[in-house]
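Here's the structure, in structure tokens; my notes come after.
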Amino acid sequence: MDLLSFLGVAIAFAAILGGNWLEGGHLEMLANGPAMVIVLGGTIGAVLLQTPMPTFLRSMRMLGSVFMPPRHRLEDTIDKLVEWSRVARKDGLLGLERILDGEDDLFVRKGMQLLVDGNEPDEIRHTLEVELDSRERFDLQASKVLEAMGGYSPTIGIIGAVMGLIHVMQNLSDPSRLGSGIATAFVATIYGVGLANLFLLPMAGKMKAYVLQESHYRELVVEGLVAISEGENPRQIETRLQGFLR
């Protein structure tokens with residue numbers, strides 16, 4: 001669980017609502033159904049028009065990683081790879097077959113299977129790096145969906161503001177209807193700018209950070225498995241992989 005993400009959302013809400021309260025405002029002032037429909041509907045519609053369906057669905061599946069990211073302790077992964085290198089030196093590469101079945105990470109399982117099958121180091125590296133690069137590219141494209149939403153949202157908010165002002169101008173003769181039009185105009189702008197800068201763009205940045213973190217972990221795995229296939233000494237492997245630690 002990413003506590004900073006939860007804390008960030010809480011502080012954002014507290015800052016907006018608290019600032020509104022300190023200025024003498026009420027929560028009802030920020031609650032405007034038409035403005036919400038305009039901003040959310042327009043933003044989602046624009047992104048759906050821009051984004052291929054597989055990329056959009058991938059982005060929605062990745063949303064959870066902002067708050068519940070995958071966790072890989074690099075130190076534990078290094079210890080695991082060094083232990084596998086000892087098994088390989090003692091029992092041969094086929095000795096890793098019994099370990100393979102207990103591995104949950106599909107990427108690691110694939111690499112170990114290539115190792116057990118006796119593939120050359122260059123072939124193992126090439127196969128795994130193709131998957132690593134492909135996964136990173138697809139995940140970064142998915143994170144750009146939220147980035148695009150953050151770009152559209154303020155503009156849609158301005159559209160909502162203009163629509164509210166048009167409504168005001170059409171009802172100048174009826175003062176009782178001016179308040180709702182002006183409220184929609186200003187609240188739509190708040191929704192658009194706030195949604196983009198407090199949520200969508202920060203979430204896109206967090207998703208990118210976790211995509212790169214996941215790629216870093218996979219690069220470590222590739223390097224370790226290739227070193228095992230080359231028959232390197234476990235101590236040398238450990239020294240090499242220590243370079244991946246921050």
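Which order do the peptides 138-147, 104-113 take when ranked by the mean count of other beta-carbon atoms within 10 Å per residue, highest first? Please report the intermediate quantities before stating the final value.
Numbers: 138-147: 20.0, 104-113: 16.6.
The peptides rank, most packed first, as 138-147, 104-113.
Work out Dmax and Rg for the chain from the C-alpha atoms and quote the Rg first, both in angstrom.
25.9, 91
Using 0.36 nm times the number of residues separating residue 182 and residue 71, minus their current alpha carbon distance, what extension gain do you get? Numbers along the way, then the final one.
On the way: separation 111, 0.36 × 111 = 39.96 nm, distance 4.73 nm.
Result: 35.2 nm gained on full extension.
Can you list, bin by bin at 5 Å, the percent of alpha carbon pairs in the stretch 111-233, starting at 0?
Pair shares across the bins are 2, 11, 14, 11, 9, 8, 8, 7, 6, 5, 5, 4, 4, 3, 2, 1, 1, 0.
Distances over 21 Å make up what percent of all Cα-Cα pairs in the stretch 68-183? Before the final figure, lay out each step's value.
Values: 4173 of 6670 pairs.
Beyond 21 Å sits 63 percent of the P(r) for the stretch 68-183.
With r as the distance between the Cβ atoms of residue 104 and residue 230 and R0 = 22 Å, compute the FRET efficiency 1/(1 + (r/R0)^6) and round to 0.05. Kindly include the intermediate steps, with their values, before the conclusion.
Details: r = 26 Å, r/R0 = 1.16.
The pair residue 230/residue 104 has a calculated efficiency of 0.30.
In whole Hz, with x marking every Gly and Pro, tabulate ³J(HN,Hα) for the stretch 130-147 from phi via Karplus 6.51 cos²θ - 1.76 cosθ + 1.60, θ = phi - 60°.
Coupling constants for the stretch 130-147: 4, 5, 4, 5, 5, 5, 5, 5, 5, 5, 5, 4, 5, 5, 6, 5, 5, 5 Hz.
Assuming 0.890 mPa s and 25 °C, estimate D for the stretch 1-102 with Stokes-Einstein, Rh taken as the Kirkwood radius over Cα pairs, in µm²/s. Don't skip to the end; give the middle numbers.
On the way: Rh = 19.2 Å.
Stokes-Einstein gives a translational diffusion coefficient of 128 µm²/s.
Counting each DSSP H run of 4 or more residues in the chain as -39500 (n - 2.57), what helix-only mean residue ellipticity at 222 nm follows after dividing by all residues, to the nearest 500 deg cm²/dmol?
Details: 11 runs with 190 residues, N = 246.
Calculated at 222 nm, the ellipticity per residue is -26000 deg cm²/dmol.
Using a cut-off of under 18 Å, list every residue of the stretch 62-106 whose amide N is near the label point 7 Å from the Cα of residue 40 along the Cα-to-beta-carbon line.
Backbone N within reach: 63-64.
Out of the trypsin sites (Lys or Arg not before Pro) in the stretch 1-88, which ones are loop residues according to DSSP with at most 13 other C-beta atoms within 10 Å?
On the way: sites: 58, 61, 71, 73, 80, 86; in loops: 71, 73.
Answer in residue order: 71, 73.
Enter the angle in degrees (range 0 to 90, nearest 10) between the Cα long axis of helix 178-195 and the first principal axis of the Cα atoms of the chain, meaning the one along which they spread out most.
Approximately 10 degrees, to the nearest ten.
Throughout, read-outs are computed from the coordinates displayed, never taken from laboratory work. Computed from a prediction, not measured in an experiment: that's the story for all the values here. In this analysis, Cβ positions are derived from the backbone assuming ideal geometry, glycine residues included, and neighbour counts consider all displayed protein chains.
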